[in-house]
Amino acid sequence: MSRPPHIEIVHLAHTGIPQDTRVKREASASALTGRRVAVVAIRGPGQRAVERIGPVTIVRVRGGRSRRSPLSYLREYIEFTLRCRWLLAHHRAFADTRVVHVHTLPDFLIWAARPAQRRGGRVILDLHEIFPEFTRLKYPGILGRLASLVARRIERTARRRADVTITVNTPIVELLARRSIGRPERLLVVHNSPDPHDFGPPREPRTPGKSSAPIELVYHGTLTPLYGLDVAIRGIAAAATRGVHARLTIIGDGAERGQLETLASRLGLGGRVLFEGRLPQTALPARLCRADAAIVPTQLNGMTRYSLSNKLLEYVHLGIPVIATRLPSYLQYLGEDAAWYWTAGDPDDCARALRAFATATSEERAVRARRAQQRLTAVEWSGERSRLLTVYHDLLDHP
């Protein structure tokens with residue numbers, strides 16, 4: 001049997017590929033170094049154990065994301081970490097790995113990089129989420145408080161073991177900067193900016209001759225309580241009582257879909273809240289652009305106050321006006337006058353924001369959408385990719 005090509009950069013991610021766009025984006029960027037790149041991820045139903053997607057080799061191992069109990073979460077995380085560590089320790093394709101890019105959650109996945117690190121490899125810790133806040137939110141009460149303390153220790157240890165720590169936005173960097181790890185740290189942001197390869201170049205906001213009625217709203221993504229779609233649906237109902245006719249199309253699947261469908265039916269919104277299944281990436285931009293506005297109803301809590309929705313960045317990139325909850329991070333990036341905001345968790349205030357959008361002229365809608373694009377120019381993917389490539393080259397040049 002021929003000797004397999006040696007992987008020089010490997011990404012470890014407890015997720016599905018190509019579904020996880022951040023991992024896919026960053027793996028493709030790392031291939032621009034000219035080195036051989038692989039992603040080790042979870043193997044889903046019907047997926048091949050090994051395949052090529054563009055210049056990147058995808059290696060899928062057994063694993064799950066059942067999201068049931070704390071113990072099931074922990075078991076799945078640990079099993080995946082052990083499988084990744086075994087590959088890096090024993091499989092000859094990973095014998096000369098130079099950079100291990102660890103995508104969290106969990107933060108302790110960095111332990112799988114130790115075999116490569118002992119051989120002189122360098123490690124990037126990529127914090128997609130903030131583990132302590134995630135844990136506290138996921139498990140309220142005393143269990144959550146205890147788990148959050150443990151997660152804080154794990155996060156600190158992971159950051160100390162990494163050569164570079166990357167995260168997804170400025171609010172999280174500011175939070176991490178307040179959590180000293182007891183030594184100097186290279187800490188930087190690579191935003192979840194849309195890749196023009198997937199979404200095309202930024203689109204000019206459209207200015208139709210007259211506003212449509214009803215207004216067409218869209219949301220896409222995973223359907224979970226965290227994303228506040230129940231509030232958006234109640235807001236649609238409340239807006240109807242104020243003479244605002246809006247129709248919301250929810251694109252995606254998730255654990256909450258059945259409950260959301262039941263809620264829409266109970267509120268008499270059968271024709272105003274529509275559900276569509278998950279779309280392939282190639283079809284998504286055109287479908288989103290059929291809407292008058294996109295809705296981003298994320299709940300506000302100890303974790304999301306530091307989040308910057310991927311969906312929001314994608315809508316802005318596509319020139320779609322945004323109606324969103326008033327999260328501190330959204331205001332930090334967009335400001336007050338580039339979207340229509342409402343108070344998180346408040347359907348009546350959501351209805352007020354919907355009415356404000358409905359009564360705005362098409363020109364004003366385009367002005368706000370264009371303003372949002374201008375304010376996010378600094379985080380376009382071309383610049384984020386260049387920053388990431390600088391990190392890879394630094395680590396590859398200094399084993």
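Residue-wise test of (1) at positive phi; (2) open to solvent by 20 Å² or more (accessible area, probe 1.4 Å); (3) in contact (Cβ under 8 Å) with a residue 60 or more places away in the chain; (4) in contact with a Ser or Thr (Cβ under 6 Å, 6 or more places away or on another chain).
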residue	(1), (2), (3), (4)
ASP337	no, yes, no, no
ARG370	no, yes, yes, no
THR377	no, yes, no, no
LEU395	no, no, yes, no
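Among the residues of region 186-241, the one identified as of a type in the set (Val, Ile, Thr), at pLDDT 90 or above, over 21 Å from the mean Cα position of the chain (by Cα) and part of a loop (DSSP other than H, G, I, E, B) is THR241. The set of residues in region 258-287 being of a type in the set (A, V, I, L, M) and open to solvent by 30 Å² or more (accessible area, probe 1.4 Å) consists of LEU267, LEU274, LEU279, ALA283, ALA286. The C-beta contact set for region 282-295 (first residue under 23 Å from ALA353 (Cα atoms), second residue β-branched (Val, Ile, Thr), distance under 6 angstrom, 6+ apart or interchain) comprises LEU288/VAL218; ALA291/VAL218; ASP292/ILE215; ALA293/ILE323; ALA294/VAL218; ALA294/ILE320; ALA294/VAL322; ILE295/ILE323. Going by the conditions given, is THR390 surrounded by fewer than 18 Cβ atoms within 10 Å (Cβ to Cβ), among the hydroxyl-bearing types (Ser, Thr, Tyr) and at pLDDT 95 or above? Yes: the conditions hold for THR390. Out of LEU12, LEU87, which single residue is over 21 Å from LYS138 (Cβ atoms), open to solvent by less than 60 Å² (accessible area, probe 1.4 Å) and assigned to a strand (DSSP E or B)? Within the list LEU12, LEU87, the selection yields LEU12.
Quick check: anything in region 133-156 within 20 Å of VAL10 (Cα to Cα) and either open to solvent by less than 70 Å² (accessible area, probe 1.4 Å) or of a type in the set (Asp, Glu) (or both)? No, because not a single residue in region 133-156 is within 20 Å of VAL10 (Cα to Cα) and either open to solvent by less than 70 Å² (accessible area, probe 1.4 Å) or of a type in the set (Asp, Glu) (or both). In region 106-120, the residues that are closer than 15 Å to ASP96 by Cα reach residues that are open to solvent by 50 Å² or more (accessible area, probe 1.4 Å) with C-beta atoms within less than 6 angstrom, at least six apart or across chains, in these pairs: GLY120/PRO399. Residue check: PRO328 meets all listed conditions (1) touching a Lys or Arg at 6+ places or on another chain (Cβ under 6 Å); (2) buried (at least 18 other Cβ atoms within 10 Å of the Cβ); (3) under 25 Å from ARG22 (Cβ atoms); (4) of a type outside the set (A, V, I, L, M, F, W, C) but one, namely (2). For region 307-335, the tally of residues that are in a helix (DSSP H, G or I), in contact (Cβ under 8 Å) with a residue 40 or more places away in the chain, more than 13 Å from ARG371 (Cα to Cα) and hydroxyl-bearing (Ser, Thr, Tyr) stands at 1. Quick one: in region 212-246, of everything that is open to solvent by 10 Å² or more (accessible area, probe 1.4 Å) and among the small types (Gly, Ala, Ser), which residue is farthest from GLU363 (Cα to Cα)? It comes out as GLY221. Here is the figure for region 288-307: residues that are closer than 18 Å to ILE323 by Cα, open to solvent by 10 Å² or more (accessible area, probe 1.4 Å), out of contact with any strand residue (DSSP E or B) (no Cβ under 6 Å at 6 or more places or on another chain) and not aliphatic (A, V, I, L, M) total 5. On inspection, ARG36 does not qualify as in contact with a helix residue (DSSP H, G or I) (Cβ under 7 Å, 6 or more places away or on another chain), open to solvent by 10 Å² or more (accessible area, probe 1.4 Å), at pLDDT 95 or above and of a type in the set (Lys, Arg).
The values are calculated or read from the model by the stated rules, or taken from the named source; none is laboratory data. None of the values given here were measured: they were computed from a predicted structure. Cβ sites come from the backbone with ideal geometry, for glycine too, and all protein chains shown count toward neighbours. Just so you know, the surface numbers come from the protein's heavy atoms only, side chains and all, with ligands and any DNA or RNA stripped out. Shrake-Rupley method; radii C 1.70, N 1.55, O 1.52, S 1.80 Å.
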